[in-house]
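Participant: One structure, pasted below without further comment.
The values are calculated or read from the model by the stated rules, or taken from the named source; none is laboratory data. As the structure is a computational prediction, the values presented were derived from the model and not from experiment. We place every Cβ from the backbone using ideal geometry, glycine too, and count neighbours over all the protein chains shown. Just the protein is used for accessible areas: all its heavy atoms, side chains included, with ligands, DNA and RNA removed. Shrake-Rupley method; radii C 1.70, N 1.55, O 1.52, S 1.80 Å.
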Amino acid sequence: KMVAKLESDRGQLLGDTLLAAAFIVYSGSFGMDSRKMLVSTWVRNASALEVAVNTAFSLQYTLGDAVTIREWKLQGLPADPFSVDNALIVQHTRRWPLLTDPQGQGSTWIKNKEQVNGIKVIKANDPHMLRVVEQSIRMGIPVLLQGLGESMDASVRPVLEMRVKEVAGVKVILQIGRASCR
């Protein structure tokens, strides 16, 4: 049975990878029901275009690793599928993730996960925020910026938008009037 399942999965690899990419890029801001509706539509469209996909597509099955997910749960990630999907989105996205986290579960998980890397946790209204972010980027230290609200300081926008340019062989994040090492 396992060999048959692996053969079937191999035939659907391209379609499932396409669905996983779409899921990561487009579904992050939606709730579980809306995500199910999106995936259902994508599966139907892929099938109509004769792209082989798993009709029971799951981001966790496609991109998840049981050992990593177990470790995340030990670090405080809730065990529900929605939280695991969110963690997979955070892990595989190319942009800085922006979390709406009213219960604080996501920030607790990120703090525990990145503790070994020396994570810096700062508030959006901290007067030293820009200096901490700049130094952390330069040193490769993760930063958790909490309490952004609906608007943000314009000087943070280039960092969040990852405006990266290569200058003299070094990647820098462009800011208004200057560049910060990345």
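Participant: Has segment 37-45 got at least one residue that is in contact (Cβ under 8 Å) with a residue 60 or more places away in the chain and of a type outside the set (Val, Ile, Thr)?
Facilitator: Looking only at segment 37-45, we keep the residues that are in contact (Cβ under 8 Å) with a residue 60 or more places away in the chain, and these are none.
Looking through segment 37-45, none of the residues is in contact (Cβ under 8 Å) with a residue 60 or more places away in the chain and of a type outside the set (Val, Ile, Thr).
Participant: In segment 50-70, which residue that is within 18 Å of the chain's Cα centre (by Cα) and not hydroxyl-bearing (Ser, Thr, Tyr) is most open to solvent (accessible area, probe 1.4 Å)?
Facilitator: The first filter runs over segment 50-70 and keeps only residues within 18 Å of the chain's Cα centre (by Cα), leaving 58-66, 68-70.
From what's left, not hydroxyl-bearing (Ser, Thr, Tyr): 59-60, 63-66, 69-70.
Numbers: Leu59: 3, Gln60: 66, Leu63: 59, Gly64: 28, Asp65: 77, Ala66: 83, Ile69: 9, Arg70: 161 Å².
So the residue we want is Arg70.
Participant: List pairs: first residue in segment 16-34 and among the polar types (S, T, N, Q), second residue surrounded by 14 or more Cβ atoms within 10 Å (Cβ to Cβ) anywhere in the structure, Cβ distance under 6 angstrom, at least six positions apart or on different chains.
Facilitator: From residues that are among the polar types (S, T, N, Q), the pairs are Ser27/Arg35; Ser27/Leu38.
Participant: In addition: So which residues in segment 146-182 are at pLDDT 80 or above and under 26 Å from Gln115 (Cα atoms)? Before the answer, list the steps.
Facilitator: First, pick out the residues of segment 146-182 that are at pLDDT 80 or above: 146-147, 167-168.
Gln146, Gly147, listed by residue number.
Participant: Considering only residues that are surrounded by 15 or more Cβ atoms within 10 Å (Cβ to Cβ) and touching a strand residue (DSSP E or B) at 6+ places or on another chain (Cβ under 7 Å), which ones fall in segment 147-160?
Facilitator: Matches in segment 147-160: Ser155, Pro158, Val159.
Participant: Kindly indicate whether Val143 is open to solvent by less than 70 Å² (accessible area, probe 1.4 Å), modelled with pLDDT of 80 or more, under 18 Å from Leu98 (Cα atoms) and out of contact with any Leu (no Cβ under 6 Å at 6 or more places or on another chain). Break it down stepwise before answering.
Facilitator: Numbers: open to solvent by less than 70 Å² (accessible area, probe 1.4 Å): yes; modelled with pLDDT of 80 or more: yes; under 18 Å from Leu98 (Cα atoms): yes; out of contact with any Leu (no Cβ under 6 Å at 6 or more places or on another chain): yes.
It is true that Val143 is open to solvent by less than 70 Å² (accessible area, probe 1.4 Å), modelled with pLDDT of 80 or more, under 18 Å from Leu98 (Cα atoms) and out of contact with any Leu (no Cβ under 6 Å at 6 or more places or on another chain).
Participant: Additional query: Would you confirm whether or not segment 29-38 contains a residue that is open to solvent by less than 100 Å² (accessible area, probe 1.4 Å), farther than 24 Å from Val143 by Cα and part of a loop (DSSP other than H, G, I, E, B)? So that I can check it myself, show each step before the final result.
Facilitator: Let us first name the residues in segment 29-38 that are open to solvent by less than 100 Å² (accessible area, probe 1.4 Å), namely 30-32, 34-35, 38.
Narrowing further to those that are farther than 24 Å from Val143 by Cα: 30-32, 34-35, 38.
Going one step further and asking which of them are part of a loop (DSSP other than H, G, I, E, B), we end up with 30-31.
Scanning segment 29-38, I find at least one residue that is open to solvent by less than 100 Å² (accessible area, probe 1.4 Å), farther than 24 Å from Val143 by Cα and part of a loop (DSSP other than H, G, I, E, B), so the answer is yes.
Participant: Also: Checking the conditions here, which among Ser47, Ser8 is polar (S, T, N, Q), surrounded by fewer than 13 Cβ atoms within 10 Å (Cβ to Cβ) and in a helix (DSSP H, G or I)?
Facilitator: Values: Ser47 fails: surrounded by fewer than 13 Cβ atoms within 10 Å (Cβ to Cβ).
The unique qualifying residue is Ser8.
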